[in-house]
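Engineer: Input: one structure, supplied below.
Coordinate-derived values only; no laboratory data. Being a predicted model, the structure only gives us computed values, none of them experimental. Cβ: placed from backbone, ideal geometry, glycine included. Neighbour counts: every protein chain shown.
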Amino acid sequence: MRAALLREFKKPLAIEEIDEPAPGPDDVLIRVEACGVCHSDLHIAEGDWPQLIKIITLPLTLGHEAVGRVVAKGENVTNPAIGDRVGVAWIHYSCGDCEMCREGRENLCSSQKITGCTEQGGFAQYIKARASHALKVPDSIPSAEAAPLFCAGVTVYRAIKNASVQPGQRLAVFGIGGLGHLAVQIAASLGAEVIAVDIADDKLELAKTLGAGRTINASSRNAVKELRSLGGVHIAVVTSGSKIAYDQAFSSLRPAGALVVVGLPAEPLTFPAISMVAGEFKVIASAVGTRQDLKEVLELAASGRLKCLVESRPLESVNEVLDEMRAGRLTGRVVLTL
């Protein structure tokens, strides 16, 4: 089968012919129709996360937003069935027995395996997945649109869910990209008063069409001043990887407001303790999402309240996509089609 392999960190992926994976007794084999390209794929390719580098074995097929049809299954598998269309997420496997799993936090499982990181991923014609973690995709969602929901969609969904958004609350989304454009829609579906903040007018125009009631271009206007003039925001969701965006978001909070950490800057985040105490601010983090979160995201998309804006590219263009991601030129999500 054809696959894009990471053979060396900080080097282009190699498009090669490799052996098709064989499903184990608890696995399904999926013929990939679409696989989203996530910023985490770029971080892994660049070797940016030391804690993951230690557990990665090269060569590695990246990709953890894969959707396709089940073409074979192991002897223990009854569901999904051959022919079902399913998706594979970042969490390739969680044990179900550890303390986190028992608490409904399988995304924090101490024994979890990670698609496209510790396990071979979806930048290939076929991917092997645990049947227990391959979720069916509703018929109404095209494969290319469904694929990014298995990481980008579930990540922002869980983040906003963790913030306990209430109808009428002011919620600012900092960064209207692949994650941010989904965050705008999810927050709007919950009845929040959504304010989009970015430095690109075209992305802000997009945010308006997706449910943002206000937009602020932080490159030409004082975003913090404008948000504070409204009384501050109840919740600031930062989907950008910019530390400046985090600094602005923190300064825009109303008393008792919450800063939601989604984007991953290279440098550490720092907030003055005196300010946090004085405002009783909360910092909320979120790590991808559980299978239950994914089911809720897919239901939201199937109902028409969430739509991922995607651009489809062939597998062979994966290195160009990663280059564009490095340069920050992508709007929405790019999906590799097989």
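Engineer: List, in the order given, every pair from Lys113/Lys295; Lys208/Lys243; Lys203/Lys243; Lys128/Lys295 whose Cα-Cα distance in the structure shown is over 22 Å.
Structural biologist: Cα-Cα > 22 Å for Lys208/Lys243; rest within.
Engineer: In whole angstrom, note down how far apart the Cα centers of the range 253-330 and the range 1-63 are.
Structural biologist: So the separation of the two Cα centres works out to 22 Å.
Engineer: How large is Rg/Rh for the range 4-65, to two decimals, with Cα atoms and a Kirkwood Rh?
Structural biologist: Numbers: Rg = 12.9 Å, Rh = 13.1 Å.
My calculation puts Rg/Rh at 0.98.
Engineer: Suppose we keep just the DSSP beta bridges with both residues in the chain; what percent of those would be antiparallel, to 5?
Structural biologist: On the way: 30 of 58 bridges.
Around 50 percent antiparallel, to the nearest 5.
Engineer: Kindly write out, for the range 75-92 in residue order, the coupling ³J(HN,Hα) from the Karplus curve 6.51 cos²θ - 1.76 cosθ + 1.60 (θ = phi - 60°), rounded to whole Hz, with x marking Gly and Pro.
Structural biologist: After applying 6.51 cos²θ - 1.76 cosθ + 1.60, I find 5, 8, 8, 10, 8, x, 9, 4, x, 5, 9, 9, x, 10, 10, 3, 7, 6 Hz.
Engineer: To the nearest 20 debye, what charge dipole does the chain have about its Cα centre, counting +1 at the Cβ of each Lys and Arg and -1 at the Cβ of each Asp and Glu?
Structural biologist: Values: 35 positive and 38 negative charges, 176 e Å.
The dipole of the chain has a size of about 840 debye.
Engineer: May I pose another question? Per residue of the range 319-328, in order, report the coupling 6.51 cos²θ - 1.76 cosθ + 1.60 (Karplus, θ = phi - 60°) as ³J(HN,Hα) in whole Hz, putting x for Gly and Pro.
Structural biologist: 5, 5, 4, 5, 5, 5, 5, 4, 7, x
Engineer: Next question, about the same structure. Evaluate the charge dipole of the range 156-285 about its Cα centre and quote only its size in Debye, nearest 20, assuming +1 on the Cβ of each Lys and Arg and -1 on the Cβ of each Asp and Glu. Mind dumping the intermediate values first?
Structural biologist: Details: 12 positive and 9 negative charges, 53 e Å.
Charge dipole of the range 156-285: 260 debye, to the nearest 20.
Engineer: Of Val261, Ser189, Val156, which is farthest on the positive side of the dipole of the range 156-285, counting Cα position, with +1 on Lys and Arg Cβ, -1 on Asp and Glu Cβ, and the Cα centre as origin?
Structural biologist: Projecting each Cα onto the dipole axis, the largest value belongs to Ser189.
Engineer: Let me ask something else. What 222 nm value per residue comes from the helices of the chain, counting each DSSP H run with n ≥ 4 as -39,500 (n - 2.57) and dividing by all residues, nearest 500 deg cm²/dmol? Please report the intermediate quantities before stating the final value.
Structural biologist: Numbers: 12 runs with 95 residues, N = 338.
Counting only the DSSP helices, I get -7500 deg cm²/dmol.
Engineer: State the Kirkwood hydrodynamic radius of the range 168-326 in Å, one decimal place, computed from all pairs of distinct Cα atoms.
Structural biologist: Working: mean 1/r = 0.0606 Å⁻¹.
With all distinct Cα pairs of the range 168-326 included, I get 16.5 Å.
Engineer: Follow-up question, since we're still on this one. Roughly speaking, what % of Cα-Cα pairs in the range 109-248 are separated by over 22 Å, rounded to a whole number? Kindly include the intermediate steps, with their values, before the conclusion.
Structural biologist: Numbers: 4415 of 9730 pairs.
The share of Cα pairs beyond 22 Å in the range 109-248 comes to 45 percent.
Engineer: Quick one: which of 272-281, 63-72 comes out on top by average Cβ neighbours within 10 Å, and what's the full order, highest first? Please report the intermediate quantities before stating the final value.
Structural biologist: On the way: 272-281: 11.4, 63-72: 25.1.
Highest mean packing first, the order is 63-72, 272-281.
Engineer: How are the alpha carbon pair distances in the chain distributed across 20 Å bins from zero to the largest one, expressed in percent?
Structural biologist: Calculated P(r), rounded to whole percents: 32, 57, 11, 0.
Engineer: So what J values fall out for the range 186-200 if you push phi through Karplus, 6.51 cos²θ - 1.76 cosθ + 1.60 with θ = phi - 60°, rounded to Hz, Gly and Pro as x?
Structural biologist: 5, 5, 5, 5, 8, x, 6, 8, 8, 10, 9, 10, 7, 10, 10
Engineer: Moving to a separate point now. Tell me which trypsin sites (Lys or Arg not before Pro) from the range 223-329 have a DSSP coil assignment and no more than 16 other beta carbons within 10 Å of their own. Working shown, then result.
Structural biologist: On the way: sites: Lys225, Arg228, Lys243, Lys282, Arg291, Lys295, Arg305, Lys307, Arg326, Arg329; in loops: Arg305, Lys307, Arg329.
Counting only loop positions with at most 16 other Cβ atoms within 10 Å, the trypsin sites (Lys or Arg not before Pro) in the range 223-329 are Arg305, Lys307, Arg329.
Engineer: Follow-up question, since we're still on this one. Name the long-range amide H neighbours of Glu193: under 5 Å, sequence gap of 5 or more, or other chain; modelled H, no Pro or chain starts.
Structural biologist: Gly168, Gln169, Arg170, Leu171
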